[in-house]
Every structure is written in structure tokens, then in C-alpha cells.
Amino acid sequence: MTISEILQKAIMESASDVFIVAGLGLSFRKHGVIILEETEKLMPRDTERLVREIYHLADDRDISILLKKGDDDFSVAIPSLSRFRVSTYKQRGSLSAVIRIISFQMPDPEKLGIPQSIIRFGNQSKGMVLVTGPAGSGKSTTLACIIDAINRTRRAHIITLEDPIEYLHRHVNSIVSQREIDVDTESYVTALRAALRQSPDVILLGEMRDYETISVAMTAAETGHLLFSTLHTLGASSTINRIIDVFPAEQQHQIAIQLATVLDAVVSQQLIPTKDGTVVPAFEIMVVTPAIRNMIRENKVYQIDGFINSSGTLMISMDNSLLRLYQQGRITKDTAIAFATNPEMLAKRLI
């Protein structure tokens, strides 16, 4: 099979990822589970051929990056089929690839189970909103839904900084400038600093990777821009602690004060396996109230989880989100406990 045929097959079977690894047959991820297709085992020469075909589809991208460094990330679009996020790498001396399938169409938040309370964060005029969770939990999709809503309802300049670009946004009511790291700019920090001079209203920063990026991002939010970004953390308190802990000890108090000022919301998400073999998102939503700002300033972040639990309808904890899915009959008791932040406490509530 050619790489185009493999990708067509993956889309027909509603796969989310394709795995091309030597010593194993072709594999797809469907609804969070890796399934081995009934194909012959791929040899190193097979994986190299398929990987080189991917590079050819990506406008003959230079494969020497992969051959020299051992890793490469990029995106590719096949007209009338789909877009793909590609991560190529070496393993045991052979070339391999994992390919994420991304639809040309904007995702529908209602069909995906993303609540409107999250989409409405795009209505804010300034501040920082973080979408967090483990890799593959749908953070990019949630952010794409928010950006699409802004694009359709506001006249704004939206700048996205991504590595690589996933969803393509057409200009609707807003101007959408999408920049890809290593293609359109050298780094997140360089692009973010430049973005502040490009009259943005909304900035999407693909990932806050280090203290320099986080520092510039907070400055952007502090100077009157609405900034969205992601971290690989689960839970609002863990996210806040991660941001503060990235900085040297002597700066952490000042950073906590700055973060308390600019942070407006933290959304944490997981993809949960359902009884019918699909997946459904579960969310923790924290809106930063005056009380939470004080907790961040005064180094009482450990109190935030309890505050979210007792906040009524304004916010929802991850465990309450899991409880709701269980009560709706969509997930099992064991699944709810497995994904809970406080499994023992949640187990007592699952009757």
C-alpha cells in the first residue's frame, strides 16, 4: 500500500492516528485503542519507503532533518482528503512515523461534548485562558473550537503560533494569521514577541514550554490581549504550580502575583472510554474569581481544588464531571474511578 492509500483507509475506518513502525503491521488508533490491521509486518525498507512518501506529499520537505536529528514534526494536507500532523522518528535504526488525522472542517463543539461555557471564554477581551491535559486529550481541538467561535462572532486579529499548524482557519469576520514554528518563525518566544507588534486582539500560543515563553505570554495577557495556551498538566492547581515552579525561587513570588492578575480560567480535560467503545471528554473548569486570585497570590494554591468542588454551577471539578458521565450511563464505575483525581472519594459517591 502507498501512504495515500493507508491514509484513505484510516479515514474510512474513523481512526485518529496511524502508526508506521518496523517489525509490526500497520496500526490505527480508534476511539483511544490501538488496533493492529491485518497487514503484513512492515520491514525497515517498507517504513523508509512510506516515510519518504510522506515527505514527498509535504511539498518534498527536506528529510535530512529526520536523518540528522532523529526526529521531525510537520503537517501535510492532501486535497479533498484531510490534513495530517506528522511526527517522524528513528527507532532501532529504522524510520518510523505517527500520523494524526485532522479534518479540513472545523470541529463541532456540540457533537464533541465541549460545553458552551468553555467556548464563551472567547468572548473575553483580555487575560489568559489555559487548556490543559495529557497528550492526545483533545486540547488542540478545544482551542480550535474557541478560535472558530471568535472568528465567526468578532472582528478581531487572531494570531496563532503552532508547532505544527493543525486546523486551518479561514478569514470569516476576523483576520486569522497562522504561523508555524520552524516554517514561518524560529521559535515560540520570537513569534510571541513579534506578535505583540502585529496589532493582535487574540493570541493562540500552541504550548508554554519554558519559563521564557511563559514570561512573555503573561506579559502579552497583562498588556491587554486575550491569550490562549496549553500545558501538559491535569487540574487547575497543578497547572498553577507548574507555571510558578518553572521560574527560579527568587522570582516565584513576583510570578505568582503576576499570574493572579492575568489568569482568567483553566480548563483541564481527559478523553474517557465509554461503554459503547467510543470516547467522551471530561472537563474540569476553573474560573478565576477574586478568592482564587488571593489564593494564588498568598501561596495557598492547595485550597483551589476544594474551592472548585464547592463553587456550585460556576465551575466543575474533574471528579464531578466523571460522576455526571457515570450517572448518564455513558461510562462504567471502574472507568470513572480510573480517571478520577481523588479515586477514593469518588468511589464513595458512585452508588
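The values are calculated or read from the model by the stated rules, or taken from the named source; none is laboratory data. What you see is a predicted model, and the numbers here were worked out from it, not measured in a lab. Using ideal geometry, Cβ is built from the backbone for each residue, glycine included, and neighbour counts are taken over all protein chains shown.
Taken as a whole, the structure leaves ASP72 outside the set of residues that are without any contact (Cβ under 8 Å) to a residue 24 or more places away in the chain and at positive phi.
Of all the residues in segment 217-253, those that are touching a Pro at 6+ places or on another chain (Cβ under 7 Å) and under 24 Å from ASP319 (Cα atoms) number 2. Counted as qualifying within segment 216-330 are the strands (runs of 3 or more DSSP E) with 1 or more residues that are farther than 21 Å from LEU161 by Cβ and among the small types (Gly, Ala, Ser), namely 263-273, 279-287.
In contact with a strand residue (DSSP E or B) (Cβ under 7 Å, 6 or more places away or on another chain), outside the structural domain of LEU66 (by TED's automatic domain parsing), surrounded by fewer than 20 Cβ atoms within 10 Å (Cβ to Cβ) and free of Cβ contacts under 8 Å to residues at least 60 places away in the same chain: does that describe HIS157? Criteria met by HIS157. Condition test on ASP108, is it of a type in the set (Asp, Glu) and more than 30 Å from ALA282 (Cα to Cα)? Judged against the criteria, ASP108 is not a match.
Pairs meeting the criteria (first residue in segment 339-351 and of a type in the set (Ser, Thr, Tyr), second residue part of a helix (DSSP H, G or I), beta carbons under 6 Å, at least 6 apart or on different chains) are THR341/MET318; THR341/ASP319. Checking each residue in segment 329-351 for being within 25 Å of VAL287 (Cα to Cα) and more than 25 Å from the chain's Cα centre (by Cα) picks out MET345, LEU346, ARG349.
If I go through segment 227-280 residue by residue, how many of them are of a type outside the set (Val, Ile, Thr), within 23 Å of the chain's Cα centre (by Cα) and closer than 30 Å to HIS31 by Cα? Qualifying residue count for the region: 17. Among the criteria (1) part of a loop (DSSP other than H, G, I, E, B); (2) without any contact (Cβ under 8 Å) to a residue 60 or more places away in the chain, the one ARG179 does not fulfil is (1).
Number of residues in segment 184-209 that are surrounded by fewer than 21 Cβ atoms within 10 Å (Cβ to Cβ) and within 20 Å of the chain's Cα centre (by Cα) equals 4.
For segment 127-157, taking the residues that are more than 16 Å from the chain's Cα centre (by Cα) and of a type in the set (Val, Ile, Thr), the one that is farthest from PRO107 (Cα to Cα) is identified as THR153.
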